[in-house]
Amino acid sequence: MEKVLQKVLADNQIHPILLDIGASGEPHPIWRPITSHSVYVGFDADDRAIDSTRYTGFYSSRIVPKAVSPDTDAQNLTFYLTASPFCSSTLRPDSEGLADYLFADLFAVEREATAPATTLSATLNDLGLERVDWFKTDSQGTDLRLFRSLPGSIRAGVLALDIEPGLIDAYEGEDLWIDAHRELTGNGFWLSHLDVRGSVRMRRENLTTLVRYAPGVTDRQIEVAVRPSPGWGESRYLRTIDWLLRTDANEEAFLLLWTFAGLDKQFAFALDVGVAFEKRFGPSERATLLQREAALAIKRGYGTQRIQHFARRVVGRIQRTLNGRSG
């Protein structure tokens with residue numbers, strides 16, 4: 001399927017524009033099959049975390065060493081640097097909301113720093129980009145407002161969206177998952193993937209009581225023994241076909257949405273896109289390709305699942321046999 005996705009982009013000379021707010025570390029793994037065809041724009045205020053060699057495989061790439069602000073007047077942004085760098089944010093951690101969770105100490109503010117800021121609109125204008133196809137952000141509390149800060153015409157054309165809004169009050173005034181989900185699904189997106197992450201709900205101050213009755217228990221043992229409570233949701237949204245039809249989207253938008261659905265292994269939705277493509281633009285080799293490859297991907301996936309199911313049954317039988325003998 002990856003070769004087909006690459007062929008669709010190559011044959012139609014399409015270069016998806018991928019926008020990544022929080023570009024430290026590796027680019028999004030889901031983009032790897034289309035890297036050589038894609039235009040990558042990454043933002044990260046801490047250039048020490050940027051390894052430029054990680055972005056050489058793209059059709060073109062640009063790293064902007066600035067913080068992104070939803071405020072058009074902001075020249076600089078204040079960062080609250082926390083005990084864990086993954087919890088640092090432009091929003092102050094909500095100590096009261098975090099107090100009931102074991103990982104609260106990761107959000108302890110160690111110092112404040114100021115970073116130069118820019119806006120998405122200004123950066124896209126500087127780079128001469130008139131659209132964003134896939135929008136990804138992990139801003140620790142401001143994902144929705146950053147998406148809102150895109151110019152209206154560009155925001156309306158975004159086809160895939162990755163965000164990680166909170167389910168609890170981890171930051172003061174943060175964008176919560178329930179608000180982001182309501183707004184996005186009300187404006188032409190559907191939820192394709194949700195990975196709920198979290199922490200053990202336990203006040204850290206009560207560790208002394210725990211250790212009194214269970215000496216030597218560590219944080220790691222607690223995290224293994226206790227089911228975590230939901231804290232945030234790693235969410236992916238794709239555009240609906242109705243939205244493309246309502247906004248009179250062109251063939252390229254349909255082809256990109258089909259490609260993104262394939263990357264996300266939403267092969268049944270990809271088939272829907274292929275059928276809609278034919279209804280909208282008429283029968284063609286491209287329409288046949290979209291439908292045929294989506295259908296074959298579903299069939300291959302069914303075969304893979306059967307093999308995995310069979311393997312699990314065999315392993316289970318072996319384990320039961322061994323357990324019986326050991327008993």
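Where a number appears in this text, it was derived from the coordinates with a stated rule and is not lab data. Values in this document were obtained by computation on a predicted structure and should not be read as measured data. Note that each Cβ is placed from the backbone with ideal geometry, even for glycine, and that neighbours are counted across all protein chains shown.
Between Glu26, Glu251, Glu285, where does the largest GNM mean-square fluctuation fall for the chain, given springs only between Cα atoms within less than 10 Å?
Highest fluctuation of the listed residues: Glu285.
Report, by chain and number, residues whose modeled amide H sits under 5 Å from the one on Val64, excluding near sequence neighbours (fewer than 5 apart, same chain).
Distant-sequence amide H within range of Val64: Gly42, Phe43, Asp44.
Evaluate the relative contact order of the chain (contact order divided by residue number), counting alpha-carbon pairs under 8 angstrom at least 6 apart; express in whole percent.
On the way: 532 pairs, mean separation 47.9, N = 327.
It rounds to 15 percent for the chain.
Just checking my list (i) 42; (ii) 54; (iii) 50 against percent of Cα pairs over 27 Å apart computed from this structure; which label fits?
Checked against the structure: label (ii).
When the Karplus curve 6.51 cos²θ - 1.76 cosθ + 1.60 is applied with θ = phi - 60°, which whole-Hz ³J(HN,Hα) does each residue of region 102-108 get, with x for Gly and Pro?
Couplings: 4, 8, 4, 5, 5, 8, 4 Hz.
Which of Phe103, Phe277, Phe43 moves the most in a Gaussian network model of the chain with Cα springs under 10 Å?
Maximum fluctuation in the GNM of the chain, among the listed residues, is at Phe103.
Output the DSSP H helices from the chain with an along-axis C-alpha extent of no less than 30 Å and a mean Kyte-Doolittle hydropathy no less than -1.0.
Numbers: long enough: 285-326 (61 Å, -0.69).
Helices meeting the criterion: 285-326.
Return the lysines within reach of Lys3: Cα separation strictly under 30 angstrom, same-chain partners fewer than 8 residues apart disregarded; answer none if there are no such residues.
Those lysines meeting the cut-off are Lys136, Lys265, Lys279, Lys299.
For the chain, what is the mean residue ellipticity at 222 nm derived from helices alone (per DSSP H run of n ≥ 4: -39500 (n - 2.57); sum divided by total residues; nearest 500 deg cm²/dmol)?
Numbers: 12 runs with 133 residues, N = 327.
That calculation yields -12500 deg cm²/dmol at 222 nm.
Give me, ordered by chain and number, the residues 5 or more places off Thr142 or on other chains with an amide H under 5 Å from its own placed amide H.
Under 5 Å from the amide H of Thr142 lie the amide H atoms of Asp175, each far enough along the sequence or on another chain.
Quick check on the chain: of the DSSP beta bridges with both residues there, what percent are antiparallel, nearest 5%? Write out the running numbers ahead of the final one.
Working: 24 of 44 bridges.
In the chain, DSSP labels about 55 percent of beta bridges as antiparallel.
Say we join alpha carbon atoms closer than 10 Å with springs in a Gaussian network model of the chain; which of Ile34, Ile154, Ile222 then has the biggest fluctuation?
Looking only at Ile34, Ile154, Ile222, the biggest GNM fluctuation is shown by Ile222.
Which value, in debye to the nearest 20, gives the size of the charge dipole of region 198-245 about its Cα centre, when Lys and Arg are +1 and Asp and Glu are -1 at the Cβ? Display every interim value, and only then the final one.
Details: 8 positive and 5 negative charges, 28 e Å.
Using Cβ point charges on Lys, Arg, Asp and Glu, region 198-245 gives about 140 debye.
Place the peptides 9-17, 231-239, 210-218 in order of packing, highest mean first, counting for every residue the other Cβ atoms within 10 Å and averaging per peptide. Intermediate values should be presented prior to the final figure.
Values: 9-17: 16.3, 231-239: 21.4, 210-218: 9.7.
Peptide ranking by packing, descending: 231-239, 9-17, 210-218.
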